[in-house]
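See structure below.
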Amino acid sequence: MATAEPERTSILIVDDDPLIRELLGTFVSSFGFNFAVAGDGVEAVQKMAEEEYGIVITDIMMPNMDGMELLKRIREGHPHTDVIVVTAYGGTFNYTDVIKAGASDFISKPFNVDELEAKLNRVLREQRLLRELKRLSIRDGLTDLYNRRYFDVKLWEEAHRAHRQQYDLFLVLVDVDRFKGYNDTFGHLAGDKVLRIIGEVFLQSTRENVDWSFRYGGDEFAAIITQANIQQLRVICSRLLTNYNRHQLLPTHLSVGVAHFDRRREHSWAEDMSDLINRADRALYLAKSQGGNRLVVDGEGEEGSQAEALVG
């Protein structure tokens, strides 16, 4: 029998017949899957509110909530969960009915264990393909950081979350000092290596599952730093500069410009997003104009935009 995915996909088995639940559980466990069971659609909805399942295998004819209603609920609330419908041969619903309703596949009772395994493996292959396509759509091909398109999405999401939960958010913009000269001297392959190293440095220097790192475009990079105060921000940016300089890719260094997100009621969200990017960009320009290899933090002073510099 085929082995399951390394992450042990969880399956929810839904059937009002305890013998069928036990039989299906024995089968999917032998295929290498984790599983849970529910006696009807109502119990299944409750379990899915508490835990994520990659696949649901459900009977059609059940009390309280039948399989078609459950399928509808899953499509509405768990669009990334695949559903395989199991029903008696010659029953009320046929293959076309359940596929049109949103099921991923259909199997008749009495079912064949090889057929069940084949259908589960097909669903898993499609899930892996969709995950990979999503990853490619939001990642930069050279550095494997998130790309500019995804930056626009995440900045909007994270700014709203920071405002809603009342914590600080900073935008970090980074540019490679003297990158054109480095490319002209050592060639574009060497330049690409520099960009890949910066991608690695971003991942080393920021906090996993808290901050977001992006290739902003060309030799520009960005990070969204969430749930951090100004001191923590400085530590992260200093680490970024130090980790890059350890590679001694002279004459290149990094210039870093930072701005704090401010939500102003008299402005639209789009205006505040634009203002945040503009202030971070001005801070970055100031860092480069002061010789690079430094961090400049934009702040509010008597003359509007003041800056503090920290040489890495």
message = What's the total number of residues in the range 43-81 that are surrounded by fewer than 16 Cβ atoms within 10 Å (Cβ to Cβ) and of a type in the set (A, V, I, L, M, F, W, C)?
response = 2
query = Taking the range 188-203 only, how many residues are closer than 14 Å to PRO251 by Cα and open to solvent by 20 Å² or more (accessible area, probe 1.4 Å)?
reply = 1
request  = Can you give me the ranges of the strands (runs of 3 or more DSSP E) entirely in the range 198-287 with at least 3 residues that are among the aliphatic types (A, V, I, L, M), touching a Ser or Thr at 6+ places or on another chain (Cβ under 9 Å) and under 21 Å from GLN165 (Cα atoms)?
outcome  = 220-226
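Return the only residue of SER108, SER10, SER30, SER104 being more than 16 Å from LYS119 (Cβ to Cβ) and either at pLDDT 90 or above or surrounded by 14 or more Cβ atoms within 10 Å (Cβ to Cβ) (or both).
When all the criteria are applied, what remains is SER10.
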task = Any chance you could count how many residues in the range 234-271 are touching a residue at least 24 places away in the same chain (Cβ under 8 Å), surrounded by fewer than 19 Cβ atoms within 10 Å (Cβ to Cβ) and out of contact with any helix residue (DSSP H, G or I) (no Cβ under 7 Å at 6 or more places or on another chain)?
result = 6
request  = State all residues of the range 244-259 that are more than 15 Å from ASP177 (Cα to Cα) and touching a Phe, Trp or Tyr at 6+ places or on another chain (Cβ under 9 Å); if no residue qualifies, say none.
outcome  = VAL258, ALA259
Every residue from the range 163-187 that is open to solvent by 100 Å² or more (accessible area, probe 1.4 Å) and touching a strand residue (DSSP E or B) at 6+ places or on another chain (Cβ under 9 Å) = ARG178
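The values are calculated or read from the model by the stated rules, or taken from the named source; none is laboratory data. Because the structure is predicted, anything quoted here is derived from the model rather than measured. All Cβ positions, glycine included, derive from the backbone under ideal geometry; neighbour counts span all protein chains shown. The area values use the complete protein model at the heavy-atom level, side chains included, leaving out ligands, DNA and RNA. Shrake-Rupley method; radii C 1.70, N 1.55, O 1.52, S 1.80 Å.
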